[in-house]
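Beneath this line is the structure, given in structure tokens, with notes to follow.
The values are calculated or read from the model by the stated rules, or taken from the named source; none is laboratory data. In this text the structure is predicted, and so the values were computed from the model without any measurement. Glycine also receives a Cβ, built like all others from the backbone with ideal geometry; neighbour counts cover every protein chain displayed. All accessible areas refer to the heavy atoms of the entire protein, side chains included, with ligands and DNA or RNA removed. Shrake-Rupley method; radii C 1.70, N 1.55, O 1.52, S 1.80 Å.
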Amino acid sequence: MSYQSLFVGIDVSKYKHDIAIVNEQKQPVAKPFVIKDDLDGYQAFLQRLDDLAQQYHTQQFYIGLEATGDYWKNIYYFLKQQAKPFLVTVINPVQTNAHAKTELRRAKTDPVNARDIALFMAEKRPKASVDRVPVFDMIKDLDKQIYQLKKQQTMTVNKLRIE
């Protein structure tokens, strides 16, 4: 059996990522699995994808992951650096939640979320995310920190006025 494309859903969290993989008919091709959010976990993930590519003669992987805080950035940039046939898409969680509701799914476990993301990728086939230079992310992070410091400063001044 061969599949031209496989669809990968990654439910991103702080220390681990749950992963589900489905084929073009939206059937799972492997059991959902978990990787750590580190280089060893990423390499184990690549090895799994290589094994599936050989087993099913897959030419293209559509990989979707939700933009969960900043936790998605490490795996996203790692996958973008690979010379593999990956189309990596960062998805707004609102989109996948709405898609899951249309399927009348209520469960909210990490493996189920990963499967929902994979099904979303298989059905919608969104375009790959456009890379932006990492320095823009750094600027955005600095801007957030400045905003939080100004907010904290205003709160402190207001407390002092009350005292």
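Some observations on this one:
- Within region 120-134, residues that are small (Gly, Ala, Ser) sit with their Cβ atoms under 6 Å from residues that are in a loop (DSSP other than H, G, I, E, B), at 6+ positions apart or across chains, in these pairs: Ala122/Lys26.
- Residue ranges of strands (runs of 3 or more DSSP E) in region 1-85 with at least 3 members in contact with a Phe, Trp or Tyr (Cβ under 8 Å, 6 or more places away or on another chain) and open to solvent by less than 70 Å² (accessible area, probe 1.4 Å): 5-12, 16-22, 60-66
- Counted residues, region 111-156 - those being open to solvent by 60 Å² or more (accessible area, probe 1.4 Å) and either among the hydroxyl-bearing types (Ser, Thr, Tyr) or in a helix (DSSP H, G or I) (or both): 24
- First in region 74-86 and over 18 Å from Arg125 (Cβ atoms) and touching a residue at least 60 places away in the same chain (Cβ under 8 Å), second anywhere and open to solvent by 30 Å² or more (accessible area, probe 1.4 Å) and outside any helix (DSSP H, G or I), Cβ under 9 Å, 6 or more apart: Ile75/Asp37
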